[in-house]
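The values are calculated or read from the model by the stated rules, or taken from the named source; none is laboratory data. Please read all numbers here as calculations on a predicted model, not as lab measurements. Cβ atoms come from the backbone with ideal geometry, glycine included; neighbour counts cover every protein chain shown.
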Amino acid sequence: MHLSMLPRYPLLAGPTPLQRATNLEASLGSRSPRIYIKRDDLTGLAFGGNKARKLEYLVADALARRATVLVTEGAVQSNHARLTAAAAARAGLECLLILDARNGEAVEGNLLLDHLVGAEVRIVRDQLTRKKVMATIDDELRADGQHPYVIPTGGSTPLGAAGYVAFVLELINQLQEVGESPRRLYLASSSMGTQAGIEVGVRAFSASFLVQGIAVSGTTYELARQTSELAEATATLLHTRQRFHFGEILVEDGFIGPGYGKATPEGLDAIRLLARTEAIFLDPAYSAKAMAGLLHHIQTGELRPNDSVVFLHTGGGPSVFAWGERLLAEPQSAIALEPADTRVPVTR
Ligand SMILES: Cc1ncc(COP(=O)(O)O)c(C=O)c1O
């Protein structure tokens, strides 16, 4: 494994904390497994999030290629776009973001931060238009005398995914310190770079847990295929031969709700539950749906009380500020596993 030979531009503040969520466990009652939260919402760059790990490798590559401007794409509330803009600011590069307004374009949450860190933002109508602009952006900027480094959706290239191969070593060390070997690691999956990198790391470092992706768009079939291909390419980049069959990749598409970037009642409940029990903030588009998946698996008995499980908090906090009133509305679904009187009261 040639991980340490890849150039890395430091963006992380250090290893992110691994915290046991005892208040959450208590609120779920006696059927709860031991739940650990790996706090990648605290990666240390511009309100944190998973993309910082990918960007350490992508920015190093951009600098090695003497790029002057990082270019990437996403929806208006894209966490990836915000972190790319922040990484560019830290590395002394310019940044151009092509963002689609399919879920609105109010200057709040991530979009506000994009502007504050000095990114140039081009907002287009929809995803299709965004793809068209991205197809020609490299030529356009080069014709203008610039040296662009174009990062595809979510930074999910083999180089980006390498950031999550390294993550597995960090997590294994922390699990050893607390003497746990969890059954599964839960995470929100979208462009699949995070999950693909973790799959490679799990094999390379013989981790004991299964990786359980919870999709925020797409279908299990297409996402599992995409992950297995990306994982193989990531392993190849690191000079290791690994073969993945898409049937081995666990990614569940049952928690997406009405679509990408749209909240679900279970997700909004999960946001309120984590905020009230652990003072940890999830976001409606990603981490809340992953937590809804984990809670559902606890409810259905797929995870048992003597198991331990890790929830990878991939970040997304700033988009909470774009949700205002909707987050304060009454809960829609029942997360409780036991009758209310047997649960530990949650103090507000
Ligand atoms: C908060 C958050 N969680 C999870 C993901 C999914 O990561 P990936 O695109 O690597 O699957 C993203 C991607 O943008 C994200 O912003």
Residue within region 120-127 that is in contact with an Asp or Glu (Cβ under 7 Å, 6 or more places away or on another chain), within 16 Å of the ligand (Cβ to nearest atom) and assigned to a helix (DSSP H, G or I) present: yes
So Tyr57 fits all but one of (1) modelled with pLDDT under 95; (2) not assigned by TED's automatic domain parsing to the domain that holds Ala288; what number is the exception? (1)
When residues of region 1-23 are filtered for being in contact with a strand residue (DSSP E or B) (Cβ under 7 Å, 6 or more places away or on another chain) and either crowded, with 22+ Cβ neighbours inside 10 Å or not assigned by TED's automatic domain parsing to the domain that holds His297 (or both), how many remain? 1
Out of region 38-91, which residues are among the basic types (Lys, Arg) and in contact with a strand residue (DSSP E or B) (Cβ under 6 Å, 6 or more places away or on another chain)? Lys38, Arg39
Which one is nearest to the chain's Cα centre (by Cα), of the residues in region 29-56 that are closer than 20 Å to Ala279 by Cβ and within 10 Å of the ligand (Cβ to nearest atom)? Gly49
Tally time: how many residues in region 206-230 are more than 12 Å from the ligand (Cβ to nearest atom) and farther than 19 Å from Ala288 by Cα? 11
So, in region 84-119, how many residues would count as being under 17 Å from Pro148 (Cβ atoms) and either among the aliphatic types (A, V, I, L, M) or part of a strand (DSSP E or B) (or both)? 13
Here are the criteria: (1) small (Gly, Ala, Ser); (2) out of contact with any Gly (no Cβ under 8 Å at 6 or more places or on another chain); (3) not in a loop (DSSP other than H, G, I, E, B). Tell me which single one Ala81 does not satisfy. (2)
Between Leu312, Leu282, Leu274, which is more than 15 Å from the chain's Cα centre (by Cα), hydrophobic (A, V, I, L, M, F, W, C) and at negative phi? Leu274
Determine which member of the set Gln226, Gln212 is assigned by TED's automatic domain parsing to the domain that holds Phe321, in a strand (DSSP E or B) and either in contact (Cβ under 8 Å) with a residue 60 or more places away in the chain or within 19 Å of the chain's Cα centre (by Cα) (or both). Gln212
Looking only at region 289-304, count every residue that is out of contact with any helix residue (DSSP H, G or I) (no Cβ under 7 Å at 6 or more places or on another chain), in contact (Cβ under 8 Å) with a residue 12 or more places away in the chain and in a loop (DSSP other than H, G, I, E, B) and tell me the total. 2
Considering only residues that are in a helix (DSSP H, G or I) and either farther than 20 Å from Gly49 by Cα or within 12 Å of the ligand (Cβ to nearest atom) (or both), which ones fall in region 163-193? Gly163, Tyr164, Phe167, Asn173, Leu175, Gln176, Glu177, Val178, Gly193
Just a yes or no: is a residue in region 151-165 of a type in the set (A, V, I, L, M) and free of Cβ contacts under 8 Å to residues at least 40 places away in the same chain? no
So Val202 fits all but one of (1) away from the ligand (no atom under 13 Å from the Cβ); (2) touching a residue at least 60 places away in the same chain (Cβ under 8 Å); (3) of a type in the set (A, V, I, L, M, F, W, C); what number is the exception? (2)
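If a residue has to be among the acidic types (Asp, Glu), more than 22 Å from Arg102 (Cβ to Cβ) and either surrounded by 24 or more Cβ atoms within 10 Å (Cβ to Cβ) or touching a helix residue (DSSP H, G or I) at 6+ places or on another chain (Cβ under 6 Å) (or both) to count, how many in region 267-288 make the cut?
Residues that pass the stated criteria total 1.
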Filter result for Ala196 (within 13 Å of the ligand (Cβ to nearest atom) and without any contact (Cβ under 8 Å) to a residue 60 or more places away in the chain): yes
